[in-house]
1. Which whole-angstrom value gives the distance between the alpha carbon centres of the range 162-203 and the range 301-358?
2. Looking at the chain as a GNM with Cα springs under 10 Å, which of Gln403, Gln32, Gln388 has the largest mean-square fluctuation?
3. What relative contact order, as a whole-number percentage, does the chain give when Cα pairs under 8 Å and 6 or more residues apart are counted?
4. Quick check: net charge around Ala413, other residues with Cβ under 13 Å of its Cβ, Lys/Arg +1 and Asp/Glu -1?
5. In deg cm²/dmol and to the nearest 500, what is the mean residue ellipticity at 222 nm of the chain if only DSSP H runs of at least 4 residues count, each as -39500 (n - 2.57), divided by the residue total?
6. Highest mean first, how do 158-168, 198-208 rank when packing is the count of other Cβ atoms within 10 Å averaged over residues?
7. If packing is taken as the mean number of other Cβ atoms within 10 Å per residue, what is the order of 347-360, 252-265, 321-334, highest first?
8. For semi-axes √(5λ) of the Cα gyration tensor in Å, the choices are (1) 37, 31, 18; (2) 33, 24, 21; (3) 57, 26, 19; which was calculated from the structure?
Amino acid sequence: MSTNNTTNTGRDTSPFNRTIQHDAKRAAILSQAAKLFNYKGSRATTLKDIAESLGLTKTSLYYYVKTKEDLIYQCYKVALEHHHQKLDEIEAMHSDAVTRASTFFLQHFENWLAAQERRGPHIAALLEIAALKGEHRAEVEAGYIAIFKRLREYIRQGVADGSFRACEPSATTRAILGSVDWTFSWLHSVELSQVNSLAKEAWDIIAHGLFAGEGVFTPTVISHESEQVALLRGFDREEQNRLKQIAFLKTGTLFFNRQGFNGTSLDEIADHLNVSKGAFYYHIKNKEDLLFRCYEHSLDITENIHAQAAKSIGSGLERAAMTCRRTFYVQNSEVGPLIRYNTITALPMKRRREILKRTDKANEQFGNFLTAGILDGSVRPINTYVAQQLVAGAVNAAMNLRQWRKMDNIDNAATDYFEVLFNGLLPRATGRNT
């Protein structure tokens with residue numbers, strides 16, 4: 001009879017097994033780091049914070065990670081491994097596209113809930129990929145692209161066999177991923193007991209769309225000819241310096257979106273604008289101040305878009321669609337870009353709360369359009385809070401759509417992109433009005 005503690009799987013489960021102890025401690029460190037990075041951001045989180053929260057010394061932590069960037073990389077690597085493992089399980093258990101896509105979508109809510117209830121690890125939100133360097137960034141980006149391609153294959157499979165409506169698969173996949181990636185930013189505001197029901201309501205919107213009418217919702221044609229002047233007028237500070245300030249903020253936003261907060265250099269922005277360092281620092285105090293003002297600038301534009309939609313004639317759904325398409329146009333034209341919220345955790349908490357308060361108010365305005373749509377019969381009776389969060393996530397992710405598909409016509413691309421939210425993935429029965 002064997003006297004060791006090796007199981008019939010061949011793995012030694014003895015409490016004296018150093019490999020198991022090492023792996024367990026590493027998993028605990030990465031889970032706690034992911035929790036802090038998701039909430040505080042990497043800039044505000046120190047290795048000392050992580051060590052103390054786990055009852056470790058900083059020296060002990062260095063046994064597992066050498067630098068904060070290495071820790072971020074490891075957290076992202078574990079997150080990607082987790083998502084791919086779940087996809088492997090989904091594909092092993094289910095063969096139809098609808099079940100695969102819905103299970104993948106709902107899994108994000110379950111991941112978050114399991115961490116809050118201490119049934120599972122905290123999974124890092126992949127917010128700061130741009131802050132990684134060299135091979136680390138390339139590896140993480142490749143892992144995320146692989147997730148995108150696997151979900152896109154589900155969409156293509158469903159379109160091919162008729163279980164999904166005809167759609168542009170890359171745009172649809174990006175919109176869904178953007179919607180579900182956004183969950184980290186709003187689930188904390190709901191009761192834990194509500195998460196499962198909200199997840200089902202969220203999938204119902206993805207599956208069936210917002211449109212309550214018969215057939216397919218087709219948005220009305222809009223013109224963007226005067227968009228730039230109308231939108232930029234909403235950013236009304238010192239008039240004599242307005243154009244210079246806008247140039248600084250547009251360029252700053254571009255760099256923050258591409259390179260993250262840590263990877264962005266003010267000197268590099270000044271060189272890009274071909275201005276002297278003195279002229280640049282006359283307008284901008286420091287990098288944090290620039291990031292904060294980029295958020296303010298983007299919200300000025302977004303709020304102006306909402307105000308225009310509120311004054312327009314049309315159903316609640318038409319005003320919601322107008323808001324989405326005009327925001328998309330700004331993101332993907334010379335008027336923008338708008339800031340990606342992937343950098344929000346780089347702001348100190350006081351400024352972050354100020355920006356998030358304005359963001360929530362803007363999202364609520366979008367929710368008001370949907371509420372009006374329910375009353376006028378253009379929107380299905382859905383949970384407008386969930387819907388506005390799904391749309392906010394899709395809008396945030398639309399800023400780099402060119403990486404995933406060609407964009408010869410911005411407005412046509414916007415229609416393709418938001419189509420899944422308005423008409424859903426599943427075939428629409430002719431004559432239904434629910």
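Any read-out appearing in this document is the output of simple, stated calculations on the displayed coordinates, not a laboratory observation. The model shown is predicted, which means the values in this text are computed figures rather than measured ones. Using ideal geometry, Cβ is built from the backbone for each residue, glycine included, and neighbour counts are taken over all protein chains shown.
1. Each part reduced to its Cα centre gives a spacing of 19 Å.
2. Gln403
3. Reported as a whole number, the value is 24 percent.
4. 0
5. -20500 deg cm²/dmol
6. 198-208, 158-168
7. Listed from highest to lowest mean packing, they are 321-334, 252-265, 347-360.
8. (1)
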